[in-house]
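Worksheet: the structure to be examined is printed underneath.
The values are calculated or read from the model by the stated rules, or taken from the named source; none is laboratory data. Bear in mind that the values here come from a model prediction, so they are computed numbers and not experimental data. Here the Cβ is made from the backbone with ideal geometry for all residues, glycine too, and neighbour counts use every protein chain on show.
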Amino acid sequence: MTTAIETRGLTKQWGDLKAVDDLDLTVNQSECYAFLGRNGSGKSTTARMLLDFIRPTGGTTCLLGGSGSDPEIRSRIGYLPGDLNLPRTMTGHDAFDYFGGLRRKSGGGTRNSLIDRFGLDPTRPVRELSTGNRRKVGLILAFMNSPELLILDEPTSGLDPVLQEEFRDLLAERKADGATIWLTSHVMAEVARVADRVGLINDGKLIKELTFKELRHQATTEITFGFAEPLGPESFDGVNSVTAVKQEGSDLVLSLNGGVGDVLKRAAELDAIRVETEQNDLDTIFIQLLSGNESS
């Protein structure tokens, strides 16, 4: 499988601070890779090093078989920085014309479609735009030339919920068209929609990689069974997938990590009269994974 992004030993250090520490990363073509971490964990620094906007202290990067500083390579990449800074007098049209010219592609039809899709007035100067509208300009700049590789740093920051959903639709469409996507995000709904794999970064180090399917399997499900008479927690001893049991009156609350077949069978044997289920959301799973690595 052809590699779209590859880093080896990538490191960025400022004084005593290692913003990115010995990062080995491989992203295959047509894959969506979500790079997740808290503020200050090294996500944006990694994005900037990939495109050679800042130079690494050590290690190497390779994008689409070349360097992110190569104009030919960069013309095939759509980039959305975490904080887009444009001249305050520049309008959206000015920005699209200027950056389209640098890439020697106008992106005309796609650009006009995106302007309509995101409801942007491209005649207004940047100084008059809200945070959300400036974000729309950045998204259109990143997507308008239908790039092979998208590098997106917190792409929905500042967008309202309706436009966040519109963005997720767009991302899914580009992925279906074969684009490679590398994104940082705090919004797990973006990850849930399109991510094939997830990398967790903390204090500059890549601490865990897993497929999105594996991430979902980290979800600890809680099942509450109601019984006519109180039963002790030992009633579910030895049942597969049960990690903890607590008693609340005549209810037993089970924490599970795995299938529920054996649990339901035991509950039926015990004549359960009520069942309620609850599953952790992905944000909770992410926090649990980080906490587990910090304590290990």
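Taking the conditions exactly as written (in contact with a Gly (Cβ under 8 Å, 6 or more places away or on another chain), at pLDDT 90 or above and hydroxyl-bearing (Ser, Thr, Tyr)), does Ser235 satisfy them or not? Criteria not met by Ser235.
The residue that is farthest from Ser185 (Cα to Cα), among those in the range 111-150 that are under 24 Å from the mean Cα position of the chain (by Cα) and among the basic types (Lys, Arg), is Arg117. Taking the criterion of being in contact with an Asp or Glu (Cβ under 7 Å, 6 or more places away or on another chain) and either charged (D, E, K, R) or not assigned by TED's automatic domain parsing to the domain that holds Gly37 (or both), the residues of the range 173-202 that qualify are Asp196, Arg197.
Among the residues making up the range 113-138, those that are within 20 Å of Pro87 (Cα to Cα), in a loop (DSSP other than H, G, I, E, B) and not aliphatic (A, V, I, L, M) are Asp121, Pro122, Thr123, Arg124, Ser130. Any residue that is surrounded by 16 or more Cβ atoms within 10 Å (Cβ to Cβ), modelled with pLDDT of 95 or more, among the aliphatic types (A, V, I, L, M) and touching a Pro at 6+ places or on another chain (Cβ under 8 Å) - is there at least one of those in the range 238-246? Within the range 238-246, one or more residues are surrounded by 16 or more Cβ atoms within 10 Å (Cβ to Cβ), modelled with pLDDT of 95 or more, among the aliphatic types (A, V, I, L, M) and touching a Pro at 6+ places or on another chain (Cβ under 8 Å). Scanning the range 79-95 for residues that are within 15 Å of Leu139 (Cβ to Cβ) and either loosely packed, with under 15 Cβ neighbours inside 10 Å or under 26 Å from the mean Cα position of the chain (by Cα) (or both) returns Tyr79, Leu80, Pro81, Gly82, Asp83, Leu84, Leu86.
Does Asp283 count as at pLDDT 95 or above and among the acidic types (Asp, Glu)? No; evaluated as a whole, the condition is false for this residue. Looking across Leu10, Leu17, one residue alone is more than 24 Å from the chain's Cα centre (by Cα) and either more than 28 Å from Ala172 (Cα to Cα) or surrounded by 19 or more Cβ atoms within 10 Å (Cβ to Cβ) (or both). It is Leu17.
Please verify whether the range 218-235 includes one or more residues that are buried (at least 16 other Cβ atoms within 10 Å of the Cβ), outside any loop (DSSP other than H, G, I, E, B) and without any contact (Cβ under 8 Å) to a residue 40 or more places away in the chain. Yes. Against the list (1) more than 22 Å from Arg168 (Cα to Cα); (2) of a type outside the set (A, V, I, L, M, F, W, C); (3) surrounded by fewer than 17 Cβ atoms within 10 Å (Cβ to Cβ), the condition Arg74 fails is (3).
Is it true that Gly109 is within 21 Å of Leu152 (Cα to Cα) and assigned to a helix (DSSP H, G or I)? So Gly109 does not fit the description; no.
The single residue among Leu141, Leu152, Leu183 that is of a type outside the set (Asp, Glu), in a helix (DSSP H, G or I) and closer than 25 Å to Leu64 by Cβ turns out to be Leu141. Residues in the range 154-179 that are charged (D, E, K, R), loosely packed, with under 12 Cβ neighbours inside 10 Å and within 25 Å of Asn39 (Cβ to Cβ): 1 in all. Quick check on Ile207: is it touching a Ser or Thr at 6+ places or on another chain (Cβ under 9 Å) and in contact (Cβ under 8 Å) with a residue 12 or more places away in the chain? No. Pairs linking a residue in the range 73-85 that is closer than 20 Å to Gly40 by Cβ to a residue that is assigned to a strand (DSSP E or B), with Cβ atoms under 8 Å and 6 or more positions apart or on different chains, are Leu80/Leu150; Leu80/Ile151; Leu80/Leu152; Leu80/Asp153; Pro81/Asp153; Gly82/Asp153; Gly82/Thr184. In the range 270-284, the residues that are more than 23 Å from Leu215 (Cα to Cα) and of a type in the set (Gly, Ala, Ser) form Cβ pairs under 7 Å with partners that are at pLDDT 85 or above and assigned to a strand (DSSP E or B), at six or more places apart or across chains, as follows: Ala272/Phe225; Ala272/Gly226.
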